[in-house]
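Undergrad: Below is a structure I'd like to ask you about.
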Amino acid sequence: MHLDDERVQRLLDGELSPAAERSAREHLVACAECRARAAEAEREETELAGLLHLLDHPAPALSAEAIAVAARRRAGPSVRWAAGLLLAAGLAGAAYATPGSPIPGWIARLAERTEGRRSPPGPAPAASQAEDPGVAGIAVPPGERLLLSFDSAQAEGEAAVRLLDEATEVTVRAPAGAATYLAGADRLTIANGVTRASYAIDVPRGAPRVEIQVAGTRVFLKEGASITARAGTDSATGVYRLPLTR
Amino acid sequence: MALFEANFRRLHRYLDRLSGEPELAADLAQEAFVRLYRRGTLPDAPEAWLITVALNLFRNVRSTERRRRRLLSVARGEGAHWDPAPPADQEAAVEDSRRRVRAAIDRLPERERRLLLLRAEGYSYRDLAQALGLNEASIGTLLARARRAFRTAYGSAADAS
């Protein structure tokens, strides 16, 4: 009796018991027809594996520690975390259903997309560096209101905020690996931890309301055309330089 | 977290191949692990659990409107499976093959597509059966059928191009 598909496939995949595998191999020695079928299946498997690699993209360099940090942040009792995070309620959860939510389709993201290195502290990256693999960030539509919340004060570093006429999204950029971004309804939380990195933030001039907080303290508020900032504007560049320190 | 080291990359790659959207795949793989972490205890079959959670998330995402956020940059991971860019004169041929593979995968029935892609990541028959709700005793037959279906679909895509 010939080997059926199940046994041929299990033989290829190492899913037969030792006794069943021995029996199958003995049969292959004696049966040219099954031998040919097994060889053909094996050839197809090899070809398939090669073809599937054509679809691959690099995996994010994420660590188990980053997962643990994100999970702990999400799991905490703090209401401010629980409020807007989409995934806390499941992807089809409450935030999706919130009428007028500016970011209904978001997924909370753990943007630890680094190259396994941390950039040294330095000046805020320029917009032109956006595609530099050393710079990571996130872009979000401002909606009716948006809160950018740095969850920690830093020892060093600043947020350089620009208002741009042509922009339609709020973008936040920092050295890759500096922060984890968690997106919720009306809120983007920047889990900056103990990093000393600086951030470049571009805000559409037409955004109705954008607020920036550092460790719960407001450092920047744009309401319509009115701007209130903890630091002044650099008159030469039109950039608000907001210290991320206490 | 040895489980993470052993499973994150292959779960990401599976989701990437399944969805054709690397950023979405990264989101889903990450979220599956966050949920595993938050669960507090390991499920009996953690690999199958991760697949099931990721597939449920994927289904939910696909059933809602397209996401509106985009990442500004995605740094390259250390994935050994990411081949360097081919020379320019091969690029068109590679791109053509990639399109055909994508078309063939997308043409497979959902069950065959998932089975084939999961098995390509080395998941055991037990994990496949558990994650996809199938009878473990017939996984080999289903895989053989799925592989043939892919071959046919890939051939059709070649004829069409």
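Bear in mind these aren't lab numbers, they're just calculated from the coordinates by the rules spelled out. Predicted, not measured: the structure shown is a model, and the values here were computed from it. All Cβ positions, even for glycine, are placed from backbone atoms using ideal geometry, and neighbour counts span all protein chains on display.
Undergrad: Share of antiparallel DSSP beta bridges in segment A:151-239, in percent to the nearest 5?
TA: 75 percent
Undergrad: Let me ask something else about it. Can you compute the modelled spin-label distance between A:Ala39 and B:Asn135, with each label point 7 Å from Cα toward Cβ, in nm?
TA: In this crude spin-label approximation the distance works out to 3.3 nm.
Undergrad: Give me the net charge for the shell around A:Asp4: Cβ to Cβ below 13 angstrom, other residues only, Lys and Arg +1, Asp and Glu -1.
TA: Its environment carries a net charge of +1.
Undergrad: Provide the FRET efficiency to the nearest 0.05 for the A:Glu47-A:Arg72 pair, computing r from the beta carbons and using R0 = 35 Å.
TA: 0.20
Undergrad: So what's the gap between the Cα centers of segment A:151-198 and segment A:9-29, to the nearest angstrom?
TA: Comparing the Cα centres of segment A:151-198 and segment A:9-29, I get a distance of 56 Å.
Undergrad: Right, something else. I'd like the mean, over residues of B:113-124, of how many other protein chain beta carbons sit within 10 Å of each residue's own Cβ.
TA: 2
Undergrad: Determine the shielding of peptide A:1-12 by partner chains: average, over its residues, the number of Cβ atoms on other chains within 10 angstrom of each Cβ.
TA: Partner Cβ neighbours, averaged per residue: 4.
Undergrad: For a quick protection proxy, order the peptides B:18-26, B:40-48 by their average other-Cβ count within 10 Å, most packed first.
TA: Ranking, from highest mean packing down: B:18-26, B:40-48.
Undergrad: Zone of A:Thr217 (label point 7 Å along Cα→Cβ, backbone N under 19 Å): which residues in segment A:153-195?
TA: So the set is A:153-161, A:190-195.
Undergrad: Then there's this: Peptide B:48-60: average number of partner chain Cβ atoms within 10 Å per residue?
TA: Across B:48-60, the average partner-chain Cβ count within 10 Å equals 1.
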